[in-house]
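> Okay, handing you the structure first.
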Amino acid sequence: MIKLTELNKIYRTDEIETIALENVNLEVQKGEFLSIMGPSGCGKSTLLNIMGLLDAPTSGKIEINGIQTINMKDKELAQFRNQKLGFVFQSFHLINSLNVIDNVELPLLYRKVSSSERKKRAQEVLEKVGLSHRMRHFPTQLSGGQCQRVAIARAIIGNPDIILADEPTGNLDSKMGAEVMDILHKLNKEDGRTIVMVTHDERQAKQTARTVRFFDGRQIQ
Ligand SMILES: Nc1ncnc2c1ncn2[C@@H]1O[C@H](COP(=O)(O)OP(=O)(O)OP(=O)(O)O)[C@@H](O)[C@H]1O
Ligand SMILES: [Mg+2]
């Protein structure tokens, strides 16, 4: 499903060179729930962003669903991302001026989907994350856990095969974090979505099928 080959990422400025990823080779199987762990600064977000085609590696290859992405143009990349990938971030990345349903619909605005169909799909995914009763609320009127559930609804509205989550419970207390984890597990088990999640929480990692560990840009386990 996802195949990373000899991936390197080096950030260069005039004075410093940071090796964020060094010769990473990683395969994620279809339907797998993989967690990524490692100390701050070891390259986890860099890896997830490259996997999600939000950032380009300095060298190496990224294959998703059998398709080589390395030579894709920006427009093609954006379309591919929109159709195949759903993102969930630690800080939710919701738009505060839009209500819940409008936030969730956003990925479908970039596709030719009618307004009534968008609303219908948004209602379905909001139901899935247990938020159908909050559709007209604005993000500032929601708890952190609810915001993250809106973000998950937005991530799945386009029916992506893959969900990439960067510390999805990092800003939540343990109860809200557990709710978000339950939803991710449900999306994996019931809907068969492939999930790659960065986490600092050993207990959460234990609940996933496989954990890979990084240190200083290298996979150590
Ligand atoms: N835009 C950038 N320019 C220069 N260096 C960067 C840039 N982004 C990240 N880095 C460096 O690359 C390394 C990996 O960063 P990354 O954000 O991937 O770490 P992380 O494992 O996600 O850490 P955290 O757990 O704190 O989120 C760090 O040393 C960081 O300083
Ligand atoms: Mg990070």
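The values are calculated or read from the model by the stated rules, or taken from the named source; none is laboratory data. Bear in mind the structure is a predicted one, so any value in this text is a computation, not a measurement. Heads up: the accessible areas ignore ligands, DNA and RNA and are worked out on the full protein's heavy atoms, side chains in. Shrake-Rupley method; radii C 1.70, N 1.55, O 1.52, S 1.80 Å.
> Would you look at the GNM of the chain, springs on alpha carbons closer than 10 Å, and say which of Ala178, Ala209, Ala20 moves the most?
Ala209
> Probe 1.4 Å, all protein chains in place: accessible area of Asp191 in Å², nearest 10?
Rounded to the nearest 10, that gives 60 Å².
> Per DSSP H run of at least 4 residues, take -39500 (n - 2.57); add these up for the chain, divide by its residues and hand me the 222 nm value, nearest 500 deg cm²/dmol.
Helix contribution divided over all residues of the chain: -10500 deg cm²/dmol.
> For region 96-221, which whole percent of the accessible surface, found with a 1.4 angstrom probe, sits on carbon and sulfur atoms?
So the carbon and sulfur contribution to the accessible surface is 47 percent.
> Right, another one. Dividing the convex hull volume of the Cα atoms of region 96-221 by its residue count, what figure in Å³ per residue is obtained?
Hull volume over Cα atoms, normalised by residue count, gives 129 Å³.
> List the lysines whose Cα lies under 18 Å from the Cα of Lys120, skipping any in the same chain that are fewer than 8 positions away.
Candidates past the 8-residue exclusion: Lys112, Lys128.
> A further question on this structure: Give the distance, in whole Å, between the Cα centre of region 54-71 and the Cα centre of region 122-181.
The two parts, judged by their Cα centres, are 28 Å apart.
> Could you list the square roots of 5 times each eigenvalue of the Cα gyration tensor of the chain, that is, the equivalent ellipsoid semi-axes, sorted largest first and rounded to whole Å?
29, 20, 16
> At 1.4 Å probe radius, can you tell me the per residue accessible area of the chain in Å²?
50
> At a 1.4 Å probe, what is the % contribution of carbon and sulfur to the accessible area of region 1-49?
Carbon plus sulfur share of accessible area: 43 percent.
> I'd like the accessible area for Ile70: 1.4 Å probe, protein heavy atoms, all chains in place, Å² to the nearest 10.
It works out to around 70 Å².
> Could you calculate the contour length gain from Phe138 to Ala178, that is, 0.36 nm times the residue separation minus the distance between their Cα atoms, to one decimal place in nm?
Once the chain is fully extended between Phe138 and Ala178, it gains 12.1 nm.
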